[in-house]
Amino acid sequence: MTIKQTALHAKHLASQAKMVAFYGWDMPLHYGSQLEEHHQVRNDAGVFDVSHMTIVDIVGDEAKRFLQYLLANDVGKLKQPGTALYSCMLNEAGGVIDDLIVYWLDENRYRLIVNAGTREKDWGWLQKQAKGFEVSLQLRVDDLSILAVQGPLAITKTSQVFSIACYQKIAALKPFQVFEQEDYCIACTGYTGENGIEIMVPNEQVDTLWDQLLAAGIQPCGLGARDTLRLEAGFSLYGAEMDETKTPLESNLAWTIAWEPTHRAFIGRSALEAQKPNLQQKLVGLVLSQKGVLRNHQKVIVPDIGEGEITSGSFSPTLQQAIALARVPLTTADHCFVDIRGQLAPARVVKPTFVRQGKNFFDDGGSTLS
């Protein structure tokens, strides 16, 4: 299999990034210290090359109706162009084919950002489901790059990069708002739990933009920090917290399902309605009560109730504790044990959000399950 490269590949090599294979792409894991990059985003500003993600444009008179059928969340909730929402795209059994963000750019024009590892599957599914709708689909794999600028100073530092008029629009963005400025598409979205923007830019312009962002004091960051940041924020990862065998109801994503209006027959709705009163599992957060590291797929034991499994686990650089997301029996309360190499280590069960926008949810006591 040919390993793909983003338009910034040469820039990453010049910055001595440690490159790794990631779903068929040669991507930067870090530029020297994953830990420093994590703290940079929590305390200042960092930029990620996320051009391995897939952009799909959906255009046509029935674009809205198509998306209302395709997605568990309802684009009908968007009241005007320039807004966006997060949704799961389900199969008929309610399993998650992918999670994505859909941007409403113009009257009959929407843009999806889907995961790199599910590109071929997603594209085939979209083409299949679009039959019978007056829409056209365009896969933007060769012409656009995506940069994610994240951190409490991310917006402020972009003032050195963009024109005054463009920066004023950026500074005015609220979460899940988006605008187009000449060749750029700029959205107030991200995957780190911090403020910031994601910029879709033509490949031939991304080198210049990258250099300008770095000159403004925004540090390059790799996939390693992106993963620990999203875990602290409690954001689900496709293939870990969800896949085609798990529904949003089992993945702490029930909030992304738009049940109203009741007549909207989106794909997977019947299966979710049947599962809703019969749920057996839920996704929770875990905080290890002693020294150690929580890892993916470790067994979780809930005495007198049953067993579960860690879906994502790591050491939290911000909290200086081991944390995890785990799928456990529905009646699990506040405590459990994790099997770490044959030893049962006690852990607290908390709401699956640890750090958001610099706020330590765990130490504030706001995340303990009642």
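As a check on your grasp of the helix formula, calculate [θ] at 222 nm for the chain: sum -39500 (n - 2.57) over DSSP H runs of n ≥ 4, divide by the residue count, round to the nearest 500. Don't jump to the answer; show the numbers that get you there.
On the way: 9 runs with 80 residues, N = 370.
So the calculated ellipticity at 222 nm is -6000 deg cm²/dmol.
Looking only at GLY32, GLY46, GLY196, which one moves most when the chain is put into a Gaussian network model with springs between Cα atoms under 10 Å? Highest fluctuation of the listed residues: GLY32. Projecting label points 7 angstrom from Cα along Cα→Cβ for ARG109 and TRP255 puts them 3.2 nm apart.
Straight-line cross-link reach from LYS282 at under 24 Å between alpha-carbon atoms covers these lysines, not counting any fewer than eight positions away in the same chain: LYS246, LYS299, LYS351.
List, in the order given, every pair from LYS79/LYS276; LYS79/LYS174; LYS64/LYS276 whose Cα-Cα distance in the structure shown is over 20 Å. All intermediate terms of the calculation are to be shown ahead of the outcome.
Numbers: LYS79/LYS276 29 Å; LYS79/LYS174 14 Å; LYS64/LYS276 27 Å.
Correct reply: LYS79/LYS276; LYS64/LYS276.
Label ASN43 and ALA215 with points 7 Å out from Cα along Cα→Cβ: what is the distance between them in nm? My value for the distance between the label points is 2.7 nm. A simple count of charges around THR189, restricted to other residues whose Cβ falls under 12 Å of its Cβ and scoring Lys, Arg +1 and Asp, Glu -1, yields 0. For the range 280-370, the square roots of the Cα gyration tensor eigenvalues, ordered a ≥ b ≥ c, give a/c of at least 1.5 with a/b no greater than b/c, which places it in the oblate category. Each label was represented as a point 7 Å from its Cα along the Cα-to-Cβ direction; for GLU309 and ASP207 these points are 4.5 nm apart.
Once you sort the root eigenvalues of the Cα gyration tensor of the chain as a ≥ b ≥ c, which label holds: rounded (a/c under 1.5), prolate (a/b larger than b/c) or oblate (the other case)? Present the calculation step by step, with values, prior to reporting the outcome.
Details: a/c = 1.75, a/b = 1.14, b/c = 1.53.
Cα axes put the chain in the oblate bin.
Under 5 Å from the amide H of SER145 lie the amide H atoms of VAL201, ASN203, each residue being 5 or more positions distant or on a separate chain, with H modelled from the backbone and absent for Pro and chain starts.
Exposure here means at most 13 other Cβ atoms within 10 Å; with GluC sites (Glu not before Pro) in a DSSP loop as sites, the longest stretch of the chain lacking them is 183-370.
In plain terms, the chain from SER289 to THR331 could stretch by 13.1 nm, reckoned as 0.36 nm per residue minus the Cα-Cα distance.
Bridgeable lysines around LYS169 (alpha carbons under 16 Å apart, same-chain partners fewer than 8 residues away excluded): LYS157. Return, ordered by residue number, the residues of the range 62-94 whose backbone nitrogen is under 16 Å from a label point located 7 Å along Cα→Cβ of ASP183. Correct set: none at all. The local environment of PRO152, defined by Cβ-Cβ distances under 13 Å, has a net charge of +2 under the rule Lys, Arg +1 and Asp, Glu -1.
Quick note: the coordinates plus some simple rules give every number you see, no bench work behind them. Just so it is clear, the model here is predicted, and its values are computed rather than measured. Positions of Cβ are backbone-derived with ideal geometry, glycine not excepted, and every protein chain shown enters the neighbour counts.
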